[in-house]
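The values are calculated or read from the model by the stated rules, or taken from the named source; none is laboratory data. The model shown is predicted, which means the values in this text are computed figures rather than measured ones. All Cβ positions, glycine included, derive from the backbone under ideal geometry; neighbour counts span all protein chains shown. Calculation scope for accessible area: heavy atoms of the full protein, side chains included, ligands and nucleic acids excluded. Shrake-Rupley method; radii C 1.70, N 1.55, O 1.52, S 1.80 Å.
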Amino acid sequence: MTLILTLPLGMTATNCYIVADEETKDAVVIDPGDEAGKVLDAIRRNALSVKAVLLTHTHFDHIGAVGEVVAATRAPLAVHPKELPLYRAGGGAALFGLPPRRYPEPDVLIEPGRPLRYGTLTFDVLFVPGHTPGHVAFYHAPSRAVFSGDVLFQDGIGRTDFPGSSYETLMHSIRQVLFALPEETTVYPGHGPATTLGAEKRNNPFLAE
Ligand SMILES: [Zn+2]
Ligand SMILES: [Zn+2]
């Protein structure tokens, strides 16, 4: 069975996800946005072996604890190359009047279409830009779960009023890429509660025809 832990972290309550194989304890951490202590506690409590830290995108509220989590787990950090300018600029923290922190350089540059395999966990990578230029989503087929960052929320969509954002690109990513997954897929978004693709296809006011 797959263990999926949701940890809303920091002042924007950004969801960090820990996905683990309950038998082998292999695990990945997705978007450790803040409060590294909470992430490391959850890893320790469940006796998990973290094989990678994955970023859906690199806004500051999704990367705040990357340095501490990578240092503590020694797991490789994976980022899409189109996110690197934003990442190296501290995730846009300056736009919000926050001081930029220093972050470790990634170990792996994500290539959409090439699955990420970590121990007994495999994720398909979907390229879903629009909110940011190199935004990706991680699909875990065995648990029918997609970790989709700030692309699609319950009754909402990602913001596109940032530099480098594009509303048309975001809509294409949602309709053509995310919605190509099965309707029963659970969406684990960057903020707020989990939902399903089917529910958002039917009910999301931003996606009404
Ligand atoms: Zn974002
Ligand atoms: Zn966010």
Item to check | region 133-167: number of residues that are open to solvent by 60 Å² or more (accessible area, probe 1.4 Å) and of a type in the set (Phe, Trp, Tyr) | outcome: 1
Checklist entry - Mind checking which residues of region 187-209 are over 18 Å from ILE30 (Cβ atoms), touching a residue at least 24 places away in the same chain (Cβ under 8 Å), open to solvent by 50 Å² or more (accessible area, probe 1.4 Å) and not polar (S, T, N, Q)? => result PRO205, PHE206
Checklist entry - Any idea which of (1) in contact with a His (Cβ under 9 Å, 6 or more places away or on another chain); (2) in a helix (DSSP H, G or I); (3) among the aromatic types (Phe, Trp, Tyr) is the one PHE162 doesn't satisfy? => result (2)
Item to check | Pairs where the first residue, in region 96-117, is without any contact (Cβ under 8 Å) to a residue 60 or more places away in the chain and under 20 Å from ASP61 (Cα atoms) and the second is open to solvent by 90 Å² or more (accessible area, probe 1.4 Å) and not in a loop (DSSP other than H, G, I, E, B), C-beta under 8 Å, 6+ apart | outcome: TYR103/ARG88
Checklist entry - So GLU184 fits all but one of (1) open to solvent by 80 Å² or more (accessible area, probe 1.4 Å); (2) under 27 Å from GLU22 (Cα atoms); (3) within 16 Å of ligand 2 (Cβ to nearest atom); what number is the exception? => result (3)
Checklist entry - Just for region 138-175: of the residues that are of a type in the set (A, V, I, L, M), closer than 22 Å to ILE18 by Cβ and in contact (Cβ under 8 Å) with a residue 24 or more places away in the chain, which one is farthest from ligand 1 (Cβ to nearest atom)? => result ALA145
Checklist outcome for this item: Per the filter on region 72-95, residues small (Gly, Ala, Ser) and either within 26 Å of ALA42 (Cα to Cα) or open to solvent by 50 Å² or more (accessible area, probe 1.4 Å) (or both) are ALA72, ALA75, ALA78, ALA89, GLY90, GLY91, ALA94
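Across region 109-121, what is the number of residues that are open to solvent by 50 Å² or more (accessible area, probe 1.4 Å) and either more than 20 Å from THR169 (Cβ to Cβ) or within 16 Å of ligand 1 (Cβ to nearest atom) (or both)? Walk me through it before giving the result.
Restricting attention to region 109-121, the residues satisfying the condition of being open to solvent by 50 Å² or more (accessible area, probe 1.4 Å) are 109, 111-114, 117, 119-120.
Imposing the further condition that a residue be either more than 20 Å from THR169 (Cβ to Cβ) or within 16 Å of ligand 1 (Cβ to nearest atom) (or both) reduces the set to 109, 114, 117, 119-120.
Residues that pass the stated criteria total 5.
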Next on the checklist: Given the condition crowded, with 24+ Cβ neighbours inside 10 Å, in contact (Cβ under 8 Å) with a residue 24 or more places away in the chain and within 11 Å of ligand 2 (Cβ to nearest atom), answer yes or no: does some residue in region 22-31 qualify?
Outcome noted: yes
Item to check | Count of region 168-180 residues which are in contact with an Asp or Glu (Cβ under 9 Å, 6 or more places away or on another chain) and open to solvent by 10 Å² or more (accessible area, probe 1.4 Å) | outcome: 1
Next on the checklist: Can you tell me which residue is farthest from THR132 (Cα to Cα) among those in region 184-209 that are part of a loop (DSSP other than H, G, I, E, B) and within 20 Å of the chain's Cα centre (by Cα)?
Outcome noted: GLU184
